[in-house]
Amino acid sequence: MVNLKGRDFLKLLDFTSEEIEYLIDYAAELKAQKKAGQKHRIHEGKNVALIFEKTSTRTRCSFEVAASDLGMGSTYLAEGSQIGKKESIADTARVLSSMFDGIEYRGYGQEIVEELAKYSSVPVWNGLTNEFHPTQILADFLTIKEHFGYLKGINFVYMGDARYNMGNSLMVGCAKMGLNFTACAPKKYFPDEKLIAECEKIAAQTGSKLSFIENPMEAVKNANVIYTDVWVSMGEPIEVWQERIDDLAPYQVNKPLMDAADENCVFMHCLPAYHDHKTAVGKEMGEKFNREAMEVTDEVFESEKSIVFQEAENRMHTIKAVMAATL
Ligand code: CP
Ligand code: NVA
C-alpha cells in the first residue's frame, strides 16, 4: 500500500515506479470525481505557500485551483517577498513551515528546492527548476495513459534541448515507468552523462530502453509520442537564441516528421510553445529571427494529433494528487 504522507516531491528519482503510478492513478480518480461534480475537500482548513521566482500560467493556476478544490487556502509569493534577497532559503523554510502545511517552489537550481525541503518541516513540491519539472511528467503520463491506455512499452521521442528540465525529467520518468525513451538532438544537447547512467540502471529493472540519436527521421521511426519544449528556457540569456535556432532548427516538429512516425503517433508539449505569431512575444521572435515558428509548426500544434490542451488540463489534476497524497 503506497503512503506518501509527509513526503516532499522534488524529483522523480526519489520515487518508486509504484509510487509514481499511484499518483497518476489517484489524479485520474480526482479528475473523474471533479467531472462528476463530487467535492473532495479532504484538506479543509490547511494552507499552502506558492513560491514563484519564474513566471507561470499552468503551474500556478494548477496549484491554486487544486488547493481550493481540496478545501485549502493558498498564498502566492513572487516579486516583493524577501526570499533569496534579504532572507536565506533556510530561514524562509523555517518561517513558512511554521505557518503553512505545504510549500511549492519554482525557481532556478535544484539545490535551492532541496535546501528548502531540508529546512522545512512540511512537504515541499518542485514546481520547476533548471534541472527538473516533475509535476509536468505526472500530467504527461496521465495524458498518455488516457490516450493509449498504458505506459509500459510506449515509444517516446523527445526532440530538441534534452539537457534541461524537460528532457531530464522525461528521461527519468520513462525509465521509471518502462516507456522507451529517445532523445533526438545534436550531441551537445543530450542529458548529462551521470544522469543517463543513473537512468540506465533504472531502465534495466523496468524494461525501458534509452536511446540518443542525432538523426530526426531515424529517431521518430515507430514513435507513439513526439514531445518537444522551447529551445531557450526561462532564466537562460536571450543571446543564446540564435545559436539554438542554428543548432535545433532541423529538430523542429513539423508534418514530415509526424508523418515519419507511427500512424497513431501524438504530439505533446509542456507549453508555452512558440508555434506561430499570434502572441506579442511570438511576433517579436518571428520578426527578429525571420521564422514562422520555432520548436513546432502551427500545422502540427493545431492538428488532430496534438493533445497539448488535454495535457495542460492534467497539470491541475496531477498537482492536486501530489498535494492530496503528501499532506
Ligand atoms: N508547463 C508549465 O509549467 O507551464 P507554466 O510555465 O505556465 O507553469
Ligand atoms: N524548459 C522550459 C519549461 C517550461 C514549462 C523552461 O524551463 O522554461
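Return yes or no: is Ala223 away from ligand 2 (no atom under 16 Å from the Cβ), free of Cβ contacts under 8 Å to residues at least 24 places away in the same chain and of a type in the set (Gly, Ala, Ser)?
On the way: away from ligand 2 (no atom under 16 Å from the Cβ): yes; free of Cβ contacts under 8 Å to residues at least 24 places away in the same chain: no; of a type in the set (Gly, Ala, Ser): yes.
No.
Which residue, of Gly286, Gly235, is touching a Phe, Trp or Tyr at 6+ places or on another chain (Cβ under 9 Å), within 16 Å of ligand 1 (Cβ to nearest atom) and more than 24 Å from Ala223 (Cβ to Cβ)?
Result of the check over Gly286, Gly235: Gly235.
Specify which of the listed residues (Lys320, Lys283) is more than 16 Å from ligand 2 (Cβ to nearest atom), open to solvent by less than 50 Å² (accessible area, probe 1.4 Å) and not in a loop (DSSP other than H, G, I, E, B). Quick ask: steps written out before the conclusion?
Numbers: Lys283 fails: open to solvent by less than 50 Å² (accessible area, probe 1.4 Å).
Lys320 is the lone residue from the list that is more than 16 Å from ligand 2 (Cβ to nearest atom), open to solvent by less than 50 Å² (accessible area, probe 1.4 Å) and not in a loop (DSSP other than H, G, I, E, B).
Would you pick out the residues in region 66-113 that are open to solvent by less than 20 Å² (accessible area, probe 1.4 Å), in a helix (DSSP H, G or I) and in contact (Cβ under 8 Å) with a residue 60 or more places away in the chain?
Ala66, Ala67, Gln110, Val113
Quick check on this structure: which one of Gly149, Gly153, Gly160, Gly127 is surrounded by fewer than 24 Cβ atoms within 10 Å (Cβ to Cβ) and under 30 Å from Pro186 (Cβ atoms)? Explain how you work it out, then say what you get.
Working: Gly149 fails: under 30 Å from Pro186 (Cβ atoms); Gly160 fails: surrounded by fewer than 24 Cβ atoms within 10 Å (Cβ to Cβ); Gly127 fails: surrounded by fewer than 24 Cβ atoms within 10 Å (Cβ to Cβ).
It is Gly153.
Which condition from (1) surrounded by fewer than 19 Cβ atoms within 10 Å (Cβ to Cβ); (2) under 30 Å from His40 (Cβ atoms); (3) of a type outside the set (Val, Ile, Thr); (4) in contact (Cβ under 8 Å) with a residue 40 or more places away in the chain is the one that Cys270 breaks?
Of everything listed in (1) surrounded by fewer than 19 Cβ atoms within 10 Å (Cβ to Cβ); (2) under 30 Å from His40 (Cβ atoms); (3) of a type outside the set (Val, Ile, Thr); (4) in contact (Cβ under 8 Å) with a residue 40 or more places away in the chain, Cys270 misses just condition (1).
Answer with yes or no whether Val172 is in a loop (DSSP other than H, G, I, E, B), open to solvent by less than 70 Å² (accessible area, probe 1.4 Å) and not small (Gly, Ala, Ser).
In short, no.
Name every residue in region 114-130 that is within 16 Å of ligand 2 (Cβ to nearest atom), on the phi < 0 side of the Ramachandran plot and part of a loop (DSSP other than H, G, I, E, B), in order of residue number. Full working, then the answer.
Going residue by residue through region 114-130, those that are within 16 Å of ligand 2 (Cβ to nearest atom) are 125-130.
Of the ones still in play, those that are also on the phi < 0 side of the Ramachandran plot are 125-127, 129-130.
Scanning region 114-130 gives Gly127, Thr129, Asn130.
Condition first: open to solvent by 40 Å² or more (accessible area, probe 1.4 Å) and away from ligand 1 (no atom under 13 Å from the Cβ). Now tell me which residues in region 34-65 satisfy that.
Looking only at region 34-65, we keep the residues that are open to solvent by 40 Å² or more (accessible area, probe 1.4 Å), and these are 34-39, 41-42, 44-47, 53, 55, 57-58, 60-61, 64-65.
Passing the criteria: Lys34, Lys35, Ala36, Gly37, Gln38, Lys39, Arg41, Ile42, Glu44, Gly45, Lys46, Asn47.
Being closer than 26 Å to Val300 by Cβ and open to solvent by 10 Å² or more (accessible area, probe 1.4 Å) is the filter here; which residues of region 190-204 pass it? Break it down stepwise before answering.
Of region 190-204, the ones closer than 26 Å to Val300 by Cβ are 190-191.
Phe190 - this is the single residue of region 190-204 that is closer than 26 Å to Val300 by Cβ and open to solvent by 10 Å² or more (accessible area, probe 1.4 Å).
Does Val240 meet the test of being open to solvent by 20 Å² or more (accessible area, probe 1.4 Å) and modelled with pLDDT of 95 or more? Can you show your working first?
On the way: open to solvent by 20 Å² or more (accessible area, probe 1.4 Å): yes; modelled with pLDDT of 95 or more: yes.
So Val240 fits the description; yes.
For region 205-221, give me each residue that is surrounded by 13 or more Cβ atoms within 10 Å (Cβ to Cβ) and either within 16 Å of ligand 1 (Cβ to nearest atom) or part of a loop (DSSP other than H, G, I, E, B) (or both).
Hits for region 205-221 are Ser208, Lys209, Glu214, Lys221.
What's the total number of residues in region 302-313 that are touching a Ser or Thr at 6+ places or on another chain (Cβ under 9 Å), assigned to a helix (DSSP H, G or I) and away from ligand 1 (no atom under 11 Å from the Cβ)?
Qualifying residue count, region 302-313: 2.
Give me a count of the residues in region 1-52 that are touching a residue at least 60 places away in the same chain (Cβ under 8 Å) and of a type in the set (Lys, Arg).
Residues meeting the conditions: 6.
The values are calculated or read from the model by the stated rules, or taken from the named source; none is laboratory data. Note that the structure is predicted; figures quoted are calculated from it, not measured. Virtual Cβ from ideal backbone geometry, glycine too; neighbours counted across all protein chains shown. What goes into the accessible areas is simple: the full protein's heavy atoms, side chains included, and nothing from ligands, DNA or RNA. Shrake-Rupley method; radii C 1.70, N 1.55, O 1.52, S 1.80 Å.
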